[in-house]
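Read-outs: derived from the displayed coordinates by stated rules, not from any lab. The structure displayed is predicted, hence computed values, not measured ones. Cβ sites come from the backbone with ideal geometry, for glycine too, and all protein chains shown count toward neighbours.
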Amino acid sequence: MNYFPARILMAMILASGLLAAPSFGQKKYDTGATDTEIRIGNVSPYTGWAQEYGAAGKAEAAYFQMINERGGVNGRKITFLSEDIAAASANEAAEKSEELTRKLVEKDGVLLMFSSFGTEPNLALRAYLNEKKVPQLFVQSSSAAFDDAAHFPWTMGFFATFKMEGAAYAKYVLQNKPGAKIAVWYADDDTGKEYLAGVREGLGEKNAGMIVKEIAYGAGDSPAAAGAQITELKKSGAEVFFNLSVGRYTTAAIRAAYDVDWHPLQFIPNASLSVASFLDPAGLQKATGIICNARSKGWLRPESQNDPAVREFVEWMKKYNATASLRDQNNVAGYERAQVLVEVLRRCGDDLTRANVMKQAASLDMELGMLRPGIRIKTSATDYQPISQLFLVKFDGTDWTAIGPVTGR
């Protein structure tokens with residue numbers, strides 16, 4: 001009597017599984033894919049300029065190692081060809097990134113480029129990779145320029161944009177310190193200008209006058225020279241400091257503000273969130289009270305270990321990325337980007353053409369265990385920004401604490 005219902009139930013389970021399963025049929029391959037291998041290209045700064053961000057590339061390599069040990073993606077092992085930019089400056093990084101990417105595409109025969117570092121380097125490569133029709137996926141930059149499917153259909157960003165970050169900070173100030181004087185320090189490049197545009201958009205025309213002083217630093221300026229510019233910002237009488245710098249510049253500005261006895265409400269970009277890489281060198285006491293933004297769950301506090309996804313991440317770090325600092329947010333960022341790429345490749349099934357890789361990347365709607373609830377990966381043929389939400393966090397001298405809800409589109 002139970003046979004017929006059970007058969008129907010089994011059919012329903014199989015049908016639902018097929019809806020989410022990759023399509024397998026006649027095998028189709030482009031350069032970089034075979035029955036046994038998928039070749040992925042990447043350029044990261046493991047030494048020299050911006051070397052702190054090389055941790056993300058190492059985390060991605062470690063994640064792919066785990067996937068390979070578990071049998072690969074649809075039976076294919078990932079070969080992650082990651083080259084060291086090894087540049088002395090941002091300008092040199094753009095040149096070296098182009099040289100290394102051409103090598104990966106034209107000599108090493110990668111299927112796609114993944115998570116390469118930097119706004120300017122990726123912008124310099126975008127036209128080349130789109131002409132070659134090579135996917136430039138999940139670039140390590142939050143520039144809104146990489147969400148332009150109409151003009152660059154082979155290039156896709158990953159995180160909420162610099163502009164969105166700046167706007168979120170401005171709105172926080174309007175809600176919590178309305179009428180406060182604001183000082184801004186930013187890079188004189190595409191990244192810095194996008195942050196500043198976001199701040200202005202968040203303040204709106206009515207409140208634009210709250211900004212009483214702006215100073216831009218050049219790409220060739222030494223972080224050690226930040227002191228004089230921070231002193232000038234202090235003289236403005238500002239009660240709010242938008243420290244819209246990145247990496248070592250952020251560290252230098254945090255230290256300089258504290259050392260000249262200037263203690264405004266300070267904001268820094270997500271790119272400088274890493275405690276190990278940027279707050280430790282500045283001095284944790286000097287960084288206490290700073291506001292930033294995040295997408296991921298916290299993982300350092302004991303109570304966070306009750307979350308299965310957090311436990312899984314921490315255990316993965318211990319087994320596959322043991323030499324890296326657990327306090328470095330770049331490891332989480334690399335872990336998350338690698339997870340999404342593996343899902344894209346899984347969905348490709350046996351159609352590992354570059355066109356199908358982009359098709360799958362542009363049709364995502366998924367959650368990641370380490371993302372805070374309410375933040376998800378979602379793309380479409382016209383929306384190339386996988387994550388478009390964030391939440392604000394404050395540094396308490398030890399770790400970041402959430403201070404607001406998830407916001408974004």
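Brief remarks follow.
- In terms of other Cβ atoms within 10 Å, ARG327, ARG409 run from fewest to most in the order ARG409, ARG327.
- Using a cutoff of 8 angstrom between alpha carbon atoms and counting only pairs six or more residues apart, the relative contact order for segment 162-294 works out to 25 percent.
- Comparing TYR63, TYR128, TYR335 in a Gaussian network model of the chain where C-alpha atoms under 10 Å apart are linked, the largest mean-square fluctuation is found at TYR128.
- Measuring between their Cα centroids, segment 273-290 and segment 116-183 lie 24 Å from each other.
- Positive-end residue, the chain charge dipole about Cα centroid, Cβ charges, pick of ALA160, ALA150, GLN26: GLN26
- Between the Cα long axis of helix 190-207 and the first principal axis of the chain there is an angle of about 60°, rounded to the nearest 10.
- 0 to 90° range, to nearest 10: angle between helix 119-132 axis and the chain longest Cα axis: 30 degrees
- Seen against the Cα atoms of the chain and their longest principal axis, helix 3-20 is set at about 50 degrees.
- Relative contact order of the chain, defined on C-alpha pairs under 8 angstrom at six or more residues apart (%): 18 percent
- DSSP assigns beta bridges within the chain; of those with both partners inside it, close to 30 percent run antiparallel.
- Amide H contacts under 5 Å for GLN266, placed H, 5+ residues apart: PHE241, ILE291
- Given LYS58/LYS193; LYS96/LYS234; LYS107/LYS359; LYS107/LYS163, the pairs whose alpha carbons are separated by over 31 Å: LYS96/LYS234; LYS107/LYS163
- Maximal additional length on extending the LYS359-GLU312 stretch stands at 14.0 nm, based on 0.36 nm per residue less the C-alpha distance.
- Burial ordering of LEU279, LEU300, fewest other beta-carbon atoms within 10 Å first: LEU300, LEU279
- Overall form of segment 54-207 per C-alpha gyration tensor (a/c, 1.5; a/b vs b/c): prolate
- Cα gyration tensor shape for segment 137-274, rounded if a/c is under 1.5, else prolate or oblate: oblate
- Listed values (1) 61, 52, 38; (2) 79, 56, 43; (3) 66, 55, 35, entry calculated as Cα extents along the principal axes in Å: (2)
- Counting every other Cβ atom within 10 Å of each residue's Cβ, LEU371, LEU174 order from fewest to most as LEU174, LEU371.
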